[in-house]
1. Got a sec? Which of Val324, Val352 is touching a Ser or Thr at 6+ places or on another chain (Cβ under 7 Å) and modelled with pLDDT of 95 or more?
2. Given the conditions (1) closer than 21 Å to Pro159 by Cα; (2) among the aliphatic types (A, V, I, L, M); (3) assigned by TED's automatic domain parsing to the domain that holds Trp128, and given that Ala97 satisfies all but one, which numbered condition is not satisfied?
3. Let me spell it out: the conditions are (1) in contact with a strand residue (DSSP E or B) (Cβ under 9 Å, 6 or more places away or on another chain); (2) modelled with pLDDT under 95, and Lys41 meets all of them except one. Which number is the exception?
4. List the number of the failed condition for Pro320; all other conditions in (1) over 19 Å from Trp375 (Cβ atoms); (2) in contact with a helix residue (DSSP H, G or I) (Cβ under 6 Å, 6 or more places away or on another chain) hold.
5. Which of the helices (runs of 4 or more DSSP H) contained wholly in the range 198-272 include at least 1 residues that are assigned by TED's automatic domain parsing to the domain that holds Gly356 and without any contact (Cβ under 8 Å) to a residue 12 or more places away in the chain?
6. Tell me which of these Gln86 doesn't satisfy, since it passes every other one: (1) over 27 Å from Phe177 (Cβ atoms); (2) assigned to a strand (DSSP E or B).
7. Mind listing just one residue for me: the one in the range 183-239 that is under 16 Å from Pro290 (Cα atoms) and modelled with pLDDT under 95 and, of those, surrounded by the fewest Cβ atoms within 10 Å (Cβ to Cβ)?
8. Can you tell which of Ala101, Ala133, Ala141 is surrounded by fewer than 22 Cβ atoms within 10 Å (Cβ to Cβ) and touching a His at 6+ places or on another chain (Cβ under 9 Å)?
Amino acid sequence: MHEPLAPYLPPHRYQVTEASARALREGHPWVFRGKLSSAAKALSIPSLVRVVDGENRFVGLAVHEPLGPVGLRVISALTDPPTFEQLLTGLTKALSASGTAPGRRVLNGEADGFPGLCLDLYASCAVWQPYLAFWTPLLPALDAQLRATATITSSVFKPGRSSNPTAGDLPAEPVVFEEAGTLFHSYPLSGQKTGFYLDLLGVRAQLPSLCKGLRVLNAFAGNGSLSVVARRGGAERVTSVEVSPLAAERARVLYRANGLMLAEEDWLQGDAWALLPRLVPGYDLVILDPPQLCSKREGIPAALAAWKKLLAATASLLSPGGLVLAISCTGLVNPHLGPRFFADRLGSVELVRSGGLPPDHRTSPNFPEGDYLRWWLLKVGARRSTPREAGERGH
C-alpha cells in the first residue's frame, strides 16, 4: 500500500526546552509558538518532528505547523513514526467508540491522536474539518476508510480556518438528522464549524424538562435549534434574538420540519447586547449563548465586561424566580464565570445544574484548552440550597 505519510518521513529532530518537555510528558499535546527556538525556522511547514529534550531524550512525535499560538502538536508518544495503517486503525476505533447517534463527533483532534482534525457525522454525511494543512493529502484515504466501515453517501472537507469546503461529494443543504425525537439541520457547506453545534448536546438534553408553560427568551439564537427544542418541550412562547439575517429563514425551515410555526413577532433580528435592554420584561427562562468573546488572555477583561452587560440586561427581563441558562464557549473566560460571578449582576442565584462538553467531544485534564465549553442553569432570586440539598440533586 502506498504510504501517504511518506512525504513527512523521516521526521526531523527538534529539541525543546525543559519546561516544554516536562509539559509534554505530563500529557499536554502542544508546544506554544513562543517557546520554539530559532532552529524551528529551518523546518518545513508542515512537517513531522521527533521531539527531544536538552539531553536528547525522546519526548514525542509532533506535527510542526505553526498556527495561531501553537507551534507543535503531538501526534504520537511512540518512538517510531506512525504509519498510515495505524491512523486508519485509530479512525476505526474512534468510529466504534462514538456510538450510533445520527449526529455525533467521531474525531476530536488531539484527544483522539489526530491533532488539528475533527470529524463529525450528520446522518450519512461526513464532515472533515482539518485545522492543519498536514492532513490535506491524507483526507481522501481516511475518507475511503470511513466509507468502508460506515454508511456515508456524502463527504465534505472543510478547512477549519476557511468558510469554503475544498473537496468532497458535497451534500444538498440542509443535512437533516434526528436527536431525541427532534429534527435538526446541519449546514456543512455554508454554516459555522462543521454545520451544527454538536457540542451543545448537554444543553439540548436539559431544555425539554425546563420549558413547559414558560415564556422563553433565546438570545444568540443562531438557526433556532434551541428555540425549537424549547417549543417542543412545551414552552408557552419562545422569543429568539439573532443578528444574522440568514438565520431567520433557516429557523422557519427548521420549525416547519418539526411541525411548528414561527410567528414573525417571535424572531427579532439584531444584536443581542443592543436589543435585550429594550425588550419588555416577563420571561421565565433566558438562554444566553454568546459567541467566543476572546482568544487571547489580554481579551479576558473585555469578555467579562461583555458578560456583565448581558447579565445586567437579563436581570431586568426575568420574572420573579426565573431561570437563566448561561452558555460559554470561551475557554479562557470560563474559570472566571460561575454562580458568584453571575450573582454579581443577577442578584441571589441558585445553581440548579451545570455541565460542559458531551462525551463524544473527548478531552483530557492535562489539556485544558480542549475543554472550552461550560453551561450553568441558574434560578434567580431563589432561596439558596443547603449543601445537603445540593448533593441530593446530584450537582
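1. So the residue among Val324, Val352 that is touching a Ser or Thr at 6+ places or on another chain (Cβ under 7 Å) and modelled with pLDDT of 95 or more is Val324.
2. (1)
3. Unmet condition: (1).
4. All conditions pass for Pro320, except number (2).
5. Because the criterion is at least 1 residues that are assigned by TED's automatic domain parsing to the domain that holds Gly356 and without any contact (Cβ under 8 Å) to a residue 12 or more places away in the chain, the helices (runs of 4 or more DSSP H) in the range 198-272 that meet it are 245-257.
6. Going through the list (1) over 27 Å from Phe177 (Cβ atoms); (2) assigned to a strand (DSSP E or B), Gln86 breaks only (2).
7. Ranking the candidates gives Gln192 first.
8. Answer to the selection: Ala141.
The values are calculated or read from the model by the stated rules, or taken from the named source; none is laboratory data. Since this is a predicted model, take the numbers as computed values, not measurements. Methodologically, a virtual Cβ is constructed for each residue, glycine included, from the backbone with ideal geometry; neighbour enumeration extends over all protein chains shown.
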